[in-house]
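Enquirer: Right, I'll just put the structure down here and ask away after.
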Amino acid sequence: KNQVEQSPQSLIILEGKNCTLQCNYTVSPFSNLRWYKQDTGRGPVSLTIMTFSENTKSNGRYTATLDADTKQSSLHITASQLSDSASYICVVSEYGGANNLFFGTGTRLTVIP
Amino acid sequence: EADIYQTPRYLVIGTGKKITLECSQTMGHDKMYWYQQDPGMELHLIHYSYGVNSTEKGDLSSESTVSRIRTEHFPLTLESARPSHTSQYLCASSERGLGEQYFGPGTRLTVT
């Protein structure tokens, strides 16, 4: 069973609207959580990284939140643009192993004019 | 933009051929990784390296092999390609510890 679950699987929104993507994880012990943006046919690009003690982190129109108690994270996109159309992947690192990264299957976001 | 490169970007090849996917990074990162990703699916780690002369198998079993003779170079080789190898292959690198992973653009491999 995947230790990182993302929802929704796909989402279509109008340009200019806001949206929120969810990530629930069971990875333990927890080290950090990253959100990546992956354009079609490209490699993922990091948006934010959050450690245990961080609740909110922003990167432009992207704001990530983390609740380490409930093991939930969200990525909020404000004033969406057509270029936001991509897959957004949640990646959770397990403490103690350099290769112990757990990837979610991603949320496919499509922004339409 | 991260300085990590993959070639070729796209490859269509017949069954039984030997292929090598190239990955190079200019950031001096010790750790490098190869992931396999099918459309709409999550990334699966197939190989990683802690540094020169270090190679380890990842979580997903793969018939490919890797080598790490130079810090900046981490090629992946398939001795005999099969249609089941059709996928996207992503290379990544990171600094020591749990540093952020930087991904290359990927190689889309199709084996006919």
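Enquirer: Spit out the partnerless Cys residues in chain A, using Cβ distances under 4.7 Å as the pairing rule.
Expert: Within chain A, the cysteines lacking a partner Cβ under 4.7 Å are A:CYS19.
Enquirer: Nearest 5 is fine: what % of DSSP beta bridges in the protein assembly as shown come out antiparallel, could you say?
Expert: That works out to approximately 90 percent antiparallel.
Enquirer: Can I ask one more? Pairs of alpha-carbon atoms within less than 8 angstrom and 6+ residues apart define the contacts here; what relative contact order does chain A have, in percent?
Expert: After rounding, I find 38 percent.
Enquirer: For segment B:13-61, which chymotrypsin sites (Phe, Trp or Tyr not before Pro) are in a loop by DSSP, counting at most 16 other Cβ atoms within 10 Å?
Expert: B:TYR50
Enquirer: Over segment B:58-112, calculate the relative contact order: mean separation of alpha carbon pairs under 8 Å at least 6 apart, over the residue count, as a percent.
Expert: Averaging sequence separation for qualifying contacts and normalising by length gives 29 percent for segment B:58-112.
Enquirer: Tell me which residues come under 5 Å, amide H to amide H, from B:HIS47 once H is placed; ignore anything under 5 positions away on its chain.
Expert: The answer is B:TRP34, B:GLY58.
Enquirer: Along the charge dipole of chain B, pointing to its positive end and built from +1/-1 on Cβ of Lys, Arg, Asp and Glu, which listed residue (B:GLY16, B:VAL66, B:SER87) has its Cα farthest out?
Expert: B:GLY16
Enquirer: Karplus couplings for segment B:25-30 from phi (6.51 cos²θ - 1.76 cosθ + 1.60, θ = phi - 60°), rounded to Hz, Gly and Pro as x?
Expert: 9, 10, 9, x, 5, 6
Enquirer: Give the value in nm², to one decimal: projected area of the alpha carbon convex hull of the protein assembly as shown, averaged over all directions.
Expert: Hull-based average projected area comes out at 12.1 nm².
Enquirer: For segment A:1-100, which trypsin sites (Lys or Arg not before Pro) are both in a DSSP coil and crowded by at most 15 other Cβ atoms within 10 Å?
Expert: Filter output for segment A:1-100: A:LYS1, A:LYS17, A:ARG61.
Enquirer: Averaged over peptide A:42-50, how many Cβ atoms belonging to another chain are found within 10 Å of each residue's Cβ?
Expert: Taking the mean over all residues of the peptide, I get 5.
Enquirer: Counting other C-beta atoms within 10 Å, and keeping those with at most 16, which DSSP coil chymotrypsin sites (Phe, Trp or Tyr not before Pro) do you find in segment A:17-65?
Expert: A:PHE52
Enquirer: Now for a separate question. Enter the mean projected area of the convex hull around the alpha-carbon atoms of chain B, in nm², rounded to one decimal.
Expert: Mean orientational projected area (chain B, Cα hull): 6.5 nm².
Enquirer: What FRET efficiency comes out for B:LYS17 versus B:ARG70 if R0 is 41 angstrom and r is the Cβ-Cβ distance? Round to the nearest 0.05.
Expert: 0.95
Enquirer: Out of residues 5 or more away from A:ASN32 or on other chains, whose amide H comes under 5 Å of its own, with H placed 1.01 Å from N in the peptide plane?
Expert: A:SER93
Enquirer: A:TYR95 versus A:GLN3, label points 7 Å from Cα toward the beta carbon: distance in nm?
Expert: A separation of 1.3 nm, rounded to one decimal place.
FYI, it's all coordinate maths here, none of it is from the lab. Given the structure is predicted, the values throughout are model-derived calculations rather than measurements. Counting neighbours? That spans all protein chains shown, and the Cβs are built from the backbone with ideal geometry, glycine included.
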